[in-house]
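Each reported figure results from applying straightforward, stated rules to the coordinates on display, with no laboratory input. Everything quoted here is computed from the prediction, not taken from an experiment. Because the Cβ atoms are built from the backbone with ideal geometry, glycine has one as well, and the counts that use them run over all protein chains shown.
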Amino acid sequence: MAKTIGIVTSGGDAPGMNAAIRAVTRVGHSMGFQVIGFERGWDGLLTNTFKKLIPRSVGGIIQLGGTMLHTLRCPAFEQAGGVETGAETLRLNNVDALVVIGGDGSFRGALELGKKTDALMVGIPATIDNDVYGSDETIGFDTAVNTAVGIIDKIRDTAISHERIFIVEVMGRKRGFLALEVGMCVGAEVILVPENPLELAEIVNIMDDNSKKGKRAGIIVAAEGFGDSSKLAQEMQRQTESEVRLSILGYAQRGGSPTARSRLLASLFAERAVELVCEGKGSMAVGLQKGAITSIELEKAAKNKKPLDLRLLKVAEMLSI
Ligand code: F6P
């Protein structure tokens, strides 16, 4: 009987998850595996809900955002008996390997599940936050950066017309990867990330100096993890001469058609993941390091904190004078 690979997409969706599902399915089939996709994240393993995936059932999805398997934040999986039920579902369906497509939270789930099953666990990093250790980039990050940049370019037009300061909040959970890259690409006057706490007075000083230099409009890109953007906007309005507006980009950053780069990364990560399964190597996560597709232990990817290159903030500062 053919061996079986299971796929699960878990946590927040990311553009390119569908491309990864497609690639795992097709590479898996090419290598002689049956493939099934568990639905609604870990909940699919708790309820034994899945669909059989064949090369034809993943046609026409490479360009679609979201995940055709749906996803869920699933606290029940972390509760007593959760991973045991998941392991039993894998056993019932003779799943030999589970490919987990998601962020570090999903990887932690896979790590716990791996302790209760013989099925191989392989992680594929997919999150717009780009905060998974062991991979320079995650599936969906490039798309989210481009989406945010497109919107902020439009905001810049109105900022210039009205000579206003805009604080634009981007996602990223507790990390500043998205804000840093978006901020650099829109030429933000200030980039606020949790990894580099700036005092209000410093932000006000930068904007006041800009105003004295004749730069009366400005964009401040703030990571959601930096703090309360609405309070910041109010204080900036009080303490500067400028009109200040806040724009929270929100969930638009998570949707949309994946960029070519997100699709390519998804396809290459998936191919490597299936290769690991063929080699019998479980408890691993694939990743991108210095331009090469690599893999590291799942535990390392799940438990370590990926560093943010704070030097880039200095570069952004020089670029925005
Ligand atoms: O992890 C992706 C992400 O979009 C974060 O940037 C954000 O903080 C979080 O998910 C939002 O989570 P939820 O979809 O549960 O509201």
Matching residues, the stretch 247-265, being of a type in the set (Ser, Thr, Tyr), within 14 Å of the chain's Cα centre (by Cα) and away from the ligand (no atom under 16 Å from the Cβ):
Thr259
For the stretch 138-154, name all the residues that are within 18 Å of Gly65 (Cα to Cα) and away from the ligand (no atom under 15 Å from the Cβ).
Asn146, Val149, Gly150, Ile151
Expected output for the stretch 206-221 (first residue free of Cβ contacts under 8 Å to residues at least 24 places away in the same chain, partner of a type in the set (D, E, K, R), Cβ below 9 Å, 6+ apart or cross-chain) is Ile206/Glu189; Ile206/Glu317; Asp209/Lys215; Asn210/Glu189; Asn210/Arg216
Gly256 vs (1) part of a helix (DSSP H, G or I); (2) within 26 Å of Leu180 (Cβ to Cβ): all pass except (1)
Search result, residues across the stretch 209-246 that are small (Gly, Ala, Ser), away from the ligand (no atom under 16 Å from the Cβ) and not in a helix (DSSP H, G or I)
Gly214, Ala217, Gly218, Ser242
Would you mind stating whether Arg22 is more than 20 Å from Leu276 (Cβ to Cβ) and out of contact with any strand residue (DSSP E or B) (no Cβ under 8 Å at 6 or more places or on another chain)?
no
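Return yes when Pro125 is out of contact with any Cys (no Cβ under 7 Å at 6 or more places or on another chain) and within 16 Å of the ligand (Cβ to nearest atom) and no when it is not. Reasoning before the result, please.
On the way: out of contact with any Cys (no Cβ under 7 Å at 6 or more places or on another chain): yes; within 16 Å of the ligand (Cβ to nearest atom): yes.
It is true that Pro125 is out of contact with any Cys (no Cβ under 7 Å at 6 or more places or on another chain) and within 16 Å of the ligand (Cβ to nearest atom).
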Quickly run through the stretch 60-91 and pick out the residues that are without any contact (Cβ under 8 Å) to a residue 40 or more places away in the chain and either surrounded by 18 or more Cβ atoms within 10 Å (Cβ to Cβ) or not basic (Lys, Arg) (or both).
Gly60, Pro75, Ala76, Phe77, Glu78, Gln79, Ala80, Gly81, Val83, Glu84, Ala87, Glu88
